[in-house]
Amino acid sequence: MKLAFSTLGVPGLPLADVLGLATAHGYHGVELRAHPEEPVNPSLGPDERAAVAAQFAAAGVEPLGVAGYARVAAPGDDDAVIAEMRGLLDLARDLGAPYIRVFPGGGTEQSAEEADAVAARRLGTAAEYAAELGVRILLETHDSHRTGADAMRVLGLVGHRQAGALWDVMHTWLGGEQPFESYAALSPHLGYVQVKDIASAEDTTPLALGAGVLPLTEVVDVLSRHGWDGWLCWEYEKRWYESAAPLPELLGRGREHLARLLTDAA
């Protein structure tokens, strides 16, 4: 498995510094938070995108994915959500990233069946465009669809290779799923896995990997047991928790912890 971290953990940091952290601490890739407050986002022009791709290539680091904020199950107009996904797909293609991340975002005024149908319709439409670009759309286990079973209800309706799943291990755990259950549900569509750690279900302030309660050992074990060889991406939510320790000082130990888990699982 290859290791990455998300720029959610280093909000606003210039790309050159992000890539320096990746190379200094032995990470193979970076997930880019595609928000207007970040240096890499869909508003970049063609020359800026080419420069970003060149920076990644020069550093020997891979752009894992473009983490967007499109909410595919949200009530409202399809066209706006699909346009947002197309913008993320264009950015990923231009940077050489294989994935974009989208959220479910279903509303409380919808039934589960309605939210599933809306998300599947939009993902199916966007997946056709994604296929043209060679990029996959990954629905993250999050908010209204936080378990693997929830995400699979949608992806089963879509039935398109370019629509897959991003397994956020915190949300499936908060949803009451065991790692073997999440993997069984998501494995036919799994793009990559976001790892993290927290103190408890009530306190989700990010911690160093291995310092909290999330079942990271079990997650790596089930992935290894099934021969899965994709990406583990550390999503450290520093942007939402200003009191959390700075990510740069944790990156080295985090990589070592994941390497130990991988070695033990092997």
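The values are calculated or read from the model by the stated rules, or taken from the named source; none is laboratory data. Since the model is a prediction, treat every value here as computed from it, not as a measurement. Glycine also receives a Cβ, built like all others from the backbone with ideal geometry; neighbour counts cover every protein chain displayed. All accessible areas refer to the heavy atoms of the entire protein, side chains included, with ligands and DNA or RNA removed. Shrake-Rupley method; radii C 1.70, N 1.55, O 1.52, S 1.80 Å.
Below is a table of values for the structure above.
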{"item": "Qualifying positions in region 1-21 - of a type outside the set (S, T, N, Q), out of contact with any Leu (no Cβ under 7 Å at 6 or more places or on another chain) and within 12 Å of residue 234 (Cα to Cα)", "result": "2, 8"}
{"item": "Every residue from region 228-266 that is in contact (Cβ under 8 Å) with a residue 60 or more places away in the chain and among the hydroxyl-bearing types (Ser, Thr, Tyr)", "result": "236"}
{"item": "Selection within region 71-104 - of a type in the set (Gly, Ala, Ser) and over 14 Å from the mean Cα position of the chain (by Cα)", "result": "73, 74, 76, 80, 83, 87, 96"}
{"item": "Single residue of 120, 126 found to be under 21 Å from residue 31 (Cβ atoms), among the aliphatic types (A, V, I, L, M), over 17 Å from the mean Cα position of the chain (by Cα) and modelled with pLDDT of 95 or more", "result": "126"}
{"item": "Positions within region 19-59 being among the β-branched types (Val, Ile, Thr) and more than 18 Å from residue 194 (Cα to Cα), in sequence order", "result": "23, 40, 52"}
{"item": "Pairs where the first residue, in region 210-227, is closer than 14 Å to residue 1 by Cβ and the second is surrounded by 16 or more Cβ atoms within 10 Å (Cβ to Cβ) and among the hydroxyl-bearing types (Ser, Thr, Tyr), C-beta under 6 Å, 6+ apart", "result": "222/183"}
{"item": "Breaking point among (1) at pLDDT 95 or above; (2) assigned to a loop (DSSP other than H, G, I, E, B); (3) open to solvent by less than 40 Å² (accessible area, probe 1.4 Å), for residue 161", "result": "(3)"}
